[in-house]
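Here is the structure we will look at, set down as structure tokens.
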Amino acid sequence: MIKSIHPIAGIIGFLTVFVFWTSTLYSELFATHATVAAVKSMIVSGLFILVPAMVIVGASGMSLGRRRKDAPALAKKKRMPIIAMNGLLILVPAAIFLNAKASAGSFDISFYAVQVVELLAGATNLALMGLSIRDGRAMTARRRRAGR
């Protein structure tokens, strides 16, 4: 069961961050302030999907990889704390701050400074999550080949 839940939660987390990131970039480049504010509000609402997915993928990954010592598993173990800390210390507070500023119509220098930080942190998490998905798929393929 946990072997099924882990990749599903990982893909949900990755796709959620991807949608947040691309929606932000598109709205900032091509849309009105009202659209930016709506996107920021939806991102904060979407945290109720993202945060549980990331908790599930982290907990299930720790359980599945507890005894593994192979290179892909070790790489995933090193990446997960960075992904989690980036999310908890940068992305979640930035999303809440940006939503508050956008809702108030305050598109000032602090809004755009935090927006740049959020986009960089989001791109970092997407890259790290993508690497973990790649390594997880390789581990699954290797396990299937060994089982034959």
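So, in region 56-71, exactly how many residues are modelled with pLDDT of 95 or more and loosely packed, with under 14 Cβ neighbours inside 10 Å?
Total satisfying the criteria: 0.
Here is a list of conditions, (1) assigned to a helix (DSSP H, G or I); (2) in contact (Cβ under 8 Å) with a residue 40 or more places away in the chain, and residue 107 meets all of them except one; can you say which number that is?
Exception for residue 107: condition (1).
For region 16-27, what are the residues that are exposed (fewer than 15 other Cβ atoms within 10 Å of the Cβ) and within 17 Å of residue 134 (Cβ to Cβ)?
Within region 16-27, none qualify.
Please verify whether residue 53 is touching a helix residue (DSSP H, G or I) at 6+ places or on another chain (Cβ under 7 Å) and in a helix (DSSP H, G or I), treating the condition exactly as stated.
Spelling it out, residue 53 is indeed touching a helix residue (DSSP H, G or I) at 6+ places or on another chain (Cβ under 7 Å) and in a helix (DSSP H, G or I).
When the residues of region 81-96 are narrowed to those that are surrounded by 18 or more Cβ atoms within 10 Å (Cβ to Cβ) and touching a helix residue (DSSP H, G or I) at 6+ places or on another chain (Cβ under 6 Å), which ends up nearest to residue 31 (Cα to Cα)?
95
Restricting attention to region 28-39, report how many residues are surrounded by 15 or more Cβ atoms within 10 Å (Cβ to Cβ) and not hydroxyl-bearing (Ser, Thr, Tyr).
Qualifying residue count, region 28-39: 5.
With 42, 1 as the choices, which residue is modelled with pLDDT under 95, of a type outside the set (Ser, Thr, Tyr) and open to solvent by 70 Å² or more (accessible area, probe 1.4 Å)?
Answer to the selection: 1.
The values are calculated or read from the model by the stated rules, or taken from the named source; none is laboratory data. Everything numeric in this text was worked out from a predicted model, so none of it was measured. Here the Cβ is made from the backbone with ideal geometry for all residues, glycine too, and neighbour counts use every protein chain on show. For accessibility, only protein heavy atoms count, side chains too; no ligands or nucleic acids. Shrake-Rupley method; radii C 1.70, N 1.55, O 1.52, S 1.80 Å.
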